[in-house]
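The values are calculated or read from the model by the stated rules, or taken from the named source; none is laboratory data. All values reported here derive from a predicted model rather than from experimental measurement. Note that we place each Cβ from the backbone using ideal geometry, even for glycine, and neighbour counts take in every protein chain shown. Surface accessibility is based on the protein's heavy atoms, side chains included, excluding ligands, DNA and RNA. Shrake-Rupley method; radii C 1.70, N 1.55, O 1.52, S 1.80 Å.
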Amino acid sequence: MQRAQWLRASVLGANDGLVSVASLMIGVGAASSTSKAMLVSGLAGLVAGACSMAIGEFVSVYAQYDIEKTLIERGEANDVEENKEPLANPLLAAGASALAFLVGGLLPLLAGAFIKSWGARLGVVSGVSSLGLVVFGAVGALLGGAKPYKGALRVLIGGWLAMLITYGILKVFSVLFHININSSG
């Protein structure tokens, strides 16, 4: 059961990385036609997101660790003592979360990194991200005991919404404020 939880958390972390980085790249693509702007935004999202996931997971698991340890010391943790499951390691959880985010985030980043044409780059990032969302959704559903196609569809639609909303908001922003990010300034 604990292994399944780690696997599911890894799939969810990878999904978060994929959606975050793809949405950033597509959003910046709404305000810029340069591959450099999309690549830099994707790389920044990859690093910032992995750090955020690691720190968040560390804090969360460490808080849970502190609670469980205190309950054990007070003799108030009958369930913990009966199950005798080891307490989670906050550093391991943080590393796993960051790694999962990095793996997912690398999909759209690498997909769009070497494509010069703006339209093709947006299409490839969207296509590769969609494929990744389907796979992560199906695997997450399987690990959770649900039907794979339902999980895949849910994650795919959620990811599409995130990318579409990010693109739309940044497109409106760039039109309203006459912003076009380019390589010269």
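Within the same chain, lysines fewer than 8 places from LYS36 are excluded, and of the rest, those with a Cα less than 19 Å from its Cα are LYS116, LYS171.
Dividing the mean sequence gap of close Cα pairs (under 8 Å, 6+ apart) by how many residues the range 61-176 holds gives a relative contact order of 15 percent. In order along the range 123-138, the phi-based Karplus estimate (6.51 cos²θ - 1.76 cosθ + 1.60, θ = phi - 60°) of 3J(HN,Hα) comes to x, 5, 4, 5, x, 5, 5, 4, 4, x, 4, 4, 5, 4, x, 5 Hz; Gly and Pro are listed as x.
A P(r) calculated from all alpha carbon pairs of the chain, with 10 Å bins opening at zero, reads 10, 31, 28, 18, 9, 4, 1 percent.
The listed residues LYS147, LYS69, once ranked by accessible area (1.4 Å probe) with the largest placed first, stand as LYS147, LYS69. Taking ILE67, ILE72 and ordering them by how much accessible surface each has at a 1.4 Å probe, largest first, produces ILE67, ILE72.
Farthest toward the positive end of the dipole of the chain, out of GLY132, GLY144, MET38, is the Cα of MET38, where the dipole comes from beta carbon charges about the Cα centre.
Restricting the range 102-185 to trypsin sites (Lys or Arg not before Pro) that sit in a DSSP loop and have at most 16 other Cβ atoms within 10 Å of their own Cβ leaves LYS116. Modelled this way, with points 7 Å down the Cα-to-C-beta line, the labels at SER52 and ILE72 are 3.3 nm from one another. Once the Cα atoms of helix 148-176 and of the chain are each reduced to a long axis, what angle between those two axes, in degrees from 0 to 90 to the nearest 10, is obtained? Approximately 50 degrees, to the nearest ten. On the basis of the beta-carbon distance and an R0 of 30 Å, LYS116 and ALA44 show a calculated FRET efficiency of 0.90.
Helix content alone sets the calculated 222 nm mean residue ellipticity of the chain: runs of n ≥ 4 DSSP H residues at -39500 (n - 2.57) each, divided across all residues, give -30000 deg cm²/dmol. About its Cα centre, the chain has a charge dipole of approximately 1060 debye under the convention of +1 per Lys or Arg Cβ and -1 per Asp or Glu Cβ, with nothing else charged.
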